[in-house]
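First comes the structure, then the notes that go with it.
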Amino acid sequence: MKKDFLRILDLTDKELVRLLDLADAWKRRGGDRRPPTPLKGKTLAMVFQKASTRTRVSFEVGMTRLGGHALFLSPQDTQIGRGEPLKDTARVLGRYTDAIMVRTFGHSLVEEMALHSRVPIINGLTDDHHPCQILADLQTARERGKSLRKMKVGFIGDGNNVANSWVEAAHLLGFSLHVACPKGFEPSPEIMAEAETVGRGEVRIVRDPADAAAGADLLYTDVWTSMGQETENKRRMKAFKGYCVDSALLSAAKKNAIVMHCLPAHRGEEITDDVIEGPQSAVFEEAENRLYAQMAVLDTLIPH
């Protein structure tokens with residue numbers, strides 16, 4: 001029976017930890033001259049309706065390292081751009097390939113594809129969730145010595161898809177997440193309510209970034225205006241003024257706190273240049289770990 005990966009709550013806490021362990025294992029094999037190729041002869045279809053750097057490269061390189069092949073499919077190169085329903089695309093690609101990664105807008109689109117595909121669907125990003133990013137984030141936090149069951153995460157900024165996935169991870173693993181955002185920019189109330197049913201973790205919404213940063217093991221931020229929100233840019237720039245991870249905010253966190261950003265960053269807006277380039281930044285290790293987290297997902301979901 002196929003298993004899809006559309007959101008963090010598709011996993012149990014044990015499954016999540018197993019994925020992180022597998023990601024670590026693949027990272028340790030990075031220097032192998034003859035690494036194993038469990039997905040030799042397998043093909044991943046990568047359907048992009050939103051542009052990407054890290055998602056595309058990490059999945060394509062990851063699939064290659066696992067011995068398989070990845071196909072990049074944009075709307076301009078497929079019938080999706082001419083209005084073919086995604087469910088029809090899913091039916092067809094599922095007959096050609098061994099898994100489908102989708103980076104799109106509404107989360108209902110990947111749910112529809114999963115309903116109609118005979119092969120696993122992997123959410124590369126939707127407007128509501130970014131689960132693959134959170135896997136890499138958690139892998140990085142653990143590498144930097146943070147306890148995934150006991151840490152405090154201060155998320156500063158927009159309650160977007162990344163924040164939603166952090167909410168799910170907090171409840172699944174049991175850590176504390178404080179989201180500092182202006183009124184009207186909170187994580188999805190529906191997703192927060194669903195995540196609470198897991199029964200662990202603490203998620204708080206605060207208005208002052210200093211409250212979220214106080215005693216934090218990890219500070220996290222993302223752009224104030226995500227893809228598809230460009231018309232809201234002026235309103236968002238005004239609303240998020242002061243929601244910046246700078247050296248003053250970082251000083252409120254623990255002395256050994258680390259800073260993360262899923263990239264791309266607008267330096268000088270949600271994060272300052274000195275912080276992203278500073279000794280407490282884990283931003284580029286986090287970006288590197290997208291590769292190994294993706295490899296773990298592919299290795300787990302695609303039958304060998």
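The values are calculated or read from the model by the stated rules, or taken from the named source; none is laboratory data. This is a predicted model, so every value here is computed, not measured. Neighbour counts run over all protein chains shown; Cβ positions are idealised from the backbone, glycine included.
Has the stretch 135-149 got at least one residue that is in contact (Cβ under 8 Å) with a residue 60 or more places away in the chain, touching a Pro at 6+ places or on another chain (Cβ under 7 Å) and not hydroxyl-bearing (Ser, Thr, Tyr)?
no
Working only within the stretch 268-288, note down all residues that are in contact with an Asp or Glu (Cβ under 9 Å, 6 or more places away or on another chain) and among the polar types (S, T, N, Q).
The one that is in contact with an Asp or Glu (Cβ under 9 Å, 6 or more places away or on another chain) and among the polar types (S, T, N, Q): 272.
Would you say residue 115 is under 20 Å from the mean Cα position of the chain (by Cα) and in contact (Cβ under 8 Å) with a residue 12 or more places away in the chain? Outline the logic, then answer.
On the way: under 20 Å from the mean Cα position of the chain (by Cα): no; in contact (Cβ under 8 Å) with a residue 12 or more places away in the chain: yes.
Judged against the criteria, residue 115 is not a match.
So, in the stretch 253-296, of the ones that are β-branched (Val, Ile, Thr) and touching a strand residue (DSSP E or B) at 6+ places or on another chain (Cβ under 6 Å), which residue ends up surrounded by the most Cβ atoms within 10 Å (Cβ to Cβ)?
271
Only one residue in 141, 136 is part of a helix (DSSP H, G or I), of a type in the set (A, V, I, L, M) and farther than 20 Å from residue 5 by Cα, so which one is that?
Details: 136 fails: farther than 20 Å from residue 5 by Cα.
Going through 141, 136 in turn, the sole match is 141.
Counting only residues that are basic (Lys, Arg) and in a helix (DSSP H, G or I), which one in the stretch 1-39 is surrounded by the fewest Cβ atoms within 10 Å (Cβ to Cβ)?
From the stretch 1-39, those basic (Lys, Arg) are 2-3, 7, 14, 18, 27-29, 33-34; that's our starting set.
Adding the requirement that they be in a helix (DSSP H, G or I) leaves 14, 18, 27-29.
Values: 14: 8, 18: 14, 27: 18, 28: 10, 29: 13.
Checking each candidate, the answer is 14.
Identify the residue in the stretch 158-209 that is hydroxyl-bearing (Ser, Thr, Tyr) and under 20 Å from the mean Cα position of the chain (by Cα) and, among all such residues, is nearest to residue 265 (Cα to Cα).
Taking the stretch 158-209 and keeping what is hydroxyl-bearing (Ser, Thr, Tyr), we get 165, 176, 188, 197.
After this cut, where a residue has to be under 20 Å from the mean Cα position of the chain (by Cα) as well, the list is 165, 176, 188.
Values: 165: 19, 176: 25, 188: 23 Å.
The residue in question is 165.
Collect the residues in the stretch 104-128 that are small (Gly, Ala, Ser) and out of contact with any strand residue (DSSP E or B) (no Cβ under 8 Å at 6 or more places or on another chain), keeping them in residue-number order. Give the steps one after another, and end with the answer.
Narrowing the stretch 104-128 to residues small (Gly, Ala, Ser): 106, 108, 114, 117, 124.
106, 108, listed by residue number.
Only one residue in 37, 53 is out of contact with any strand residue (DSSP E or B) (no Cβ under 9 Å at 6 or more places or on another chain), among the β-branched types (Val, Ile, Thr) and under 20 Å from residue 136 (Cβ atoms), so which one is that? Write out each step before concluding.
Working: 37 fails: under 20 Å from residue 136 (Cβ atoms).
Residue meeting the stated conditions: 53.
Just checking, how many residues over the stretch 168-199 are closer than 19 Å to residue 141 by Cα and assigned to a loop (DSSP other than H, G, I, E, B)?
Going through the stretch 168-199, the residues closer than 19 Å to residue 141 by Cα turn out to be 168-179.
Subsequent filtering for residues that are assigned to a loop (DSSP other than H, G, I, E, B) retains 174-175.
Total meeting the criteria: 2.
On the basis of being part of a helix (DSSP H, G or I) and touching a Cys at 6+ places or on another chain (Cβ under 6 Å), does residue 162 make the cut?
Values: part of a helix (DSSP H, G or I): yes; touching a Cys at 6+ places or on another chain (Cβ under 6 Å): yes.
Spelling it out, residue 162 is indeed part of a helix (DSSP H, G or I) and touching a Cys at 6+ places or on another chain (Cβ under 6 Å).
Please go through the stretch 50-109 and pick out each residue that is crowded, with 19+ Cβ neighbours inside 10 Å and in a loop (DSSP other than H, G, I, E, B).
66, 68, 97, 98, 104
Mind listing whichever residues of the stretch 211-238 are buried (at least 17 other Cβ atoms within 10 Å of the Cβ), at pLDDT 95 or above, out of contact with any His (no Cβ under 7 Å at 6 or more places or on another chain) and of a type in the set (Gly, Ala, Ser)?
Hits for the stretch 211-238 are 213, 216.
When only residues in the stretch 1-47 that are of a type in the set (Lys, Arg) and under 20 Å from the mean Cα position of the chain (by Cα) count, which is farthest from residue 75 (Cα to Cα)?
Step one: of the stretch 1-47, the residues of a type in the set (Lys, Arg) are 2-3, 7, 14, 18, 27-29, 33-34, 40, 42.
Right, trim to under 20 Å from the mean Cα position of the chain (by Cα) and you get 3, 7, 14, 18, 27.
Numbers: 3: 26, 7: 23, 14: 37, 18: 34, 27: 32 Å.
Looking at the filtered set, the residue picked out is 14.
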